[in-house]
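Okay, so here's the structure we're looking at.
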């Protein structure tokens, strides 16, 4: 359901605001973000149309797009989230800063 929610928000230019609002709702307010009505309410708070959002979530509007994304991820060897591609390096999962720094250096990034 979250993937469909994010796709809907992305299509309406509100991915970032929705993402931030979901984190606030879950981690700061302990809202049940697994509840459809809560998700629709949060979507409306950031400017999404509640009726259209409900339809997209209930009717699985983005199934084809999400299946294609999954196939592409498998083709690229993505095995977990987050996955970050840095040049020819791949960093999977939450990692310490040092891991990202080393990947960036291997990809040719320079220190500032």
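Return the pairs, sorted by first residue and then second, in which the second residue is part of a helix (DSSP H, G or I) and at pLDDT 90 or above, the first residue lies in the range 92-112 and is more than 23 Å from residue 73 (Cα to Cα), the beta carbons are less than 7 Å apart, and the residues are 6+ apart or on different chains. That search, which allows pairs on different chains as well, returns nothing. Every listed requirement among (1) surrounded by 12 or more Cβ atoms within 10 Å (Cβ to Cβ); (2) touching a helix residue (DSSP H, G or I) at 6+ places or on another chain (Cβ under 9 Å) is met by residue 88 save one, (1).
Just one of the listed residues (63, 51, 79, 90) is at pLDDT below 95 and closer than 25 Å to residue 17 by Cα, and it is 63. Kindly establish whether residue 10 is at pLDDT 95 or above, under 30 Å from residue 103 (Cα atoms) and outside the structural domain of residue 106 (by TED's automatic domain parsing). So residue 10 fits the description; yes.
Residues that are part of a loop (DSSP other than H, G, I, E, B) and more than 22 Å from residue 6 (Cβ to Cβ) within the range 78-101 comprise 87, 88, 95, 96, listed in sequence order.
The values are calculated or read from the model by the stated rules, or taken from the named source; none is laboratory data. Remember, predicted model here, so these are calculated numbers, not experimental data. We place every Cβ from the backbone using ideal geometry, glycine too, and count neighbours over all the protein chains shown.
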